[in-house]
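Taken together, the values in this text are just the output of simple stated rules run on the coordinates, not laboratory data. Since this is a predicted model, take the numbers as computed values, not measurements. Here Cβ is always computed from backbone atoms with ideal geometry, including for glycine, and neighbour counts include all displayed protein chains.
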Amino acid sequence: MTLACAWSTTMLAIVVAGCASTPAPLDAPRSQFGVEIAPYARVSECMLLAKDERVTYRFSASSPVDFSVWFREDNAVVVPVDVKAAQEQSGDFTAQGDFAYCLTWEAGASGAVLEYRVQPVRPRR
């Protein structure tokens, strides 16, 4: 996962403000286990992706969570994946452009404990 365009300081500050993790290229799988999400709180895993890079993800949570994949394009927030009240989910998405993408989980009233894995899909040669 590489970023094909140059990031301005302002754009990077806006992206970082919207993510719990500092966006970096997804060069290897990222996994987290036992992530506690307080009631009505959210956690995010953010990464820089270049157009057409493909990513797979899977997660499980102790209680239902809302899950989304989103990015900012100019003043708009684009949400290519939006799942409500799921305890498990897996899938993939392809970057629509050179942006920072965030996978975000939001807990309900009971909070949740989350496990997830996100990884790049390498093109077949």
Can you list the HN-Hα couplings for the stretch 47-52, worked out from phi with the Karplus curve (6.51, -1.76, 1.60; θ = phi - 60°), rounded to whole Hz and with x for Gly and Pro?
8, 8, 10, 8, 3, 6
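Return the percentage of antiparallel bridges among DSSP beta bridges fully within the stretch 9-121, rounded to the nearest 5 %. Working shown, then result.
Numbers: 43 of 45 bridges.
Once the DSSP bridges in the stretch 9-121 are tallied, antiparallel ones form about 95 percent.
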Any residue on another chain or 5+ positions along whose placed amide H is under 5 Å from the amide H of VAL81 is listed here as VAL69
So who's got an amide H within less than 5 Å of the one on SER63, skipping anything under 5 residues away but keeping other chains? H placed 1.01 Å off N, in plane.
VAL113
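For each of TYR57, TYR40, count neighbouring Cβ atoms within 10 Å of the residue's Cβ, then give the residues from fewest to most. Intermediate results must be reported in sequence, preceding the final value.
Values: TYR57 19, TYR40 11.
Ascending number of Cβ neighbours within 10 Å: TYR40, TYR57.
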Using the Karplus curve 6.51 cos²θ - 1.76 cosθ + 1.60 with θ = phi - 60°, work out ³J(HN,Hα) for each residue of the stretch 97-102 in order, rounded to whole Hz, and write x for Gly and Pro.
x, 7, 9, 8, 10, 10
Counting only residues 5 or more places away or on other chains, whose amide H sits under 5 Å from the amide H of GLN89 once H atoms are built in the peptide plane?
PHE59
